[in-house]
1. Which aspartates and glutamates, if any, have their Cα less than 12 Å from the Cα of Lys92, not counting same-chain residues under 8 positions apart?
2. Set the Förster radius R0 to 51 Å, insert the Cβ-Cβ distance between His332 and Ala207 as r into 1/(1 + (r/R0)^6), and round the FRET efficiency to 0.05.
3. Note down the nm distance, to one decimal, between modelled labels 7 Å out along Cα→Cβ at Phe41 and at His277.
4. Which whole-number percent is the relative contact order of the stretch 1-49 (Cα, under 8 Å, 6+ apart)?
5. How about Lys4: which lysines have a C-alpha closer than 19 Å to its C-alpha, ignoring those fewer than 8 places off in the same chain?
6. Among Asn408, Ile320, Gly349, which residue has its Cα furthest toward the positive end of the charge dipole of the stretch 264-415, with +1 on Lys/Arg Cβ and -1 on Asp/Glu Cβ?
7. Could you pull out every one of the lysines with an alpha carbon less than 28 Å from that of Lys319, ignoring same-chain neighbours closer than 8 positions?
8. Once the piece of chain linking Ala182 and Ser67 is laid out straight, how much longer is it, given 0.36 nm per residue of separation minus the C-alpha distance between them?
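What follows draws every value from the coordinates through simple rules; no lab data is involved. These numbers come from a predicted model, not from an experiment. Using ideal geometry, Cβ is built from the backbone for each residue, glycine included, and neighbour counts are taken over all protein chains shown.
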Amino acid sequence: MDSKRPVILGYDAVSPLGTDMERQWQRAVQGESGIGELTRFPLREGFPVRIAGQVDEIDCRPYPFLSSRALAQWTSPIFKYALLVVHRALRKSGIEITPELAPRVAVTFGSAIGGLDAVIAADRLLTATGRLPHPFTNPNSCINMVGGKISMLTKATGPIVAPITACATGSTSLIMGAMFLAQGMADVAICGAVDFPLVEPIVAGFATMNGAYRPREGQPEPSPQKASCPFSIDRRGFVVSEGAACIIIATKGFAKAHGFPYHTEMAGWGMTADAHHFVAPNLETVRRCITESMDHAGIQPADIDAINAHGTSTRVGDKIEADALKDVFAGHSVPPVSANKSQIGHAMGASSAVEVVFALEGMHHDVVLPTINYTPDPAIEMDCVSEGARRHMQEFLLKNAFGFGGCNSCIVFRKVK
């Protein structure tokens, strides 16, 4: 079965830190934040959310498939950015999807929010003017249409699925891709996730459920860059952001047979359901998900060199994740923890995909990214790499992702020596 083990051939991402991978990595290492003022829509007086992690516009001219004509009907930004990261990740992998290879290429690319912006815009127009929706309104909102457009772009005709596990969608997409490889249903999988949820009622909804960041009443607002502070004593909710990422995986046998170089493999993974609460995580099943990912990788907790945390900056979520890690690593120090949402905010389903890309880049460079804005919480004992990016050798890295509805996905990555 070692020949079926998934290896990483290429990846790419866009995030509030930038749209170029090298630039994003440089800013992340420097401890910069991509959080700023929310400008995606006019802010009404008293609107509870004023900051966000926004992705810059991209120059579409080098990419014919992103031309105004090609995207004329695809108004939701999820399509533009998903197609971009897929194209660039495939190019980095060196894979050409020929007619012979196409039936052996799977697509597992999801989204938590999808193109709801198109439906909301159509509803507002219908209410205001009576005009019926554009014929592409519903296709824009279909979450599986992102994978469909990816298959049309790449000509991949293998298994296709749109994983939706809320904030864990990106990690789940990788696990689903790995399962297709393990079952012999594909040799290559195009995995990832995209979300652009900065739409007025969606952002407001996160605020009313006490998830999105709000400043403390009666106190001066901190700068937007300091608002996202996972595991910190002064954390006050997540900063809603945007992003997309694609990770290309293949079986080890395929990569070796075709001469594709790789430096990292998916060593193991675990998935659990909390069966507990619609947003509050469950310590027992979160802990079990972490443990099962290590068991699947055939390693012990002491073998983990670093952790890329879910770390949303919520009171309950961060505490449960910290407690689960403390339990799993009982008798050992919890390895250095990086919480990327401190720099890029929470891009919903895309967050774990983007964070996987940062984690893979960190393994390649032997760097653990910092958790910025960190002020220790006495209730959480954790090495959050608060001093800045740290040089640190990593053979095994644990990536945690936990989603609304109690959807947990954990992956162990191994650096191939």
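1. Of all the aspartates and glutamates, those that pass the test against Lys92 - Cα under 12 Å, at least 8 places apart if same chain - are Asp12.
2. Details: r = 39 Å, r/R0 = 0.77.
Efficiency for this residue pair is about 0.85.
3. Each label point is offset 7 Å from its Cα along the Cβ direction, giving 2.8 nm.
4. Worked out over the stretch 1-49, it gives 22 percent.
5. Hits, sequence-local ones excluded: Lys252, Lys256, Lys415, Lys417.
6. Farthest towards the positive end: Gly349.
7. Cα-Cα hits under 28 Å: Lys226, Lys341, Lys399.
8. 37.7 nm
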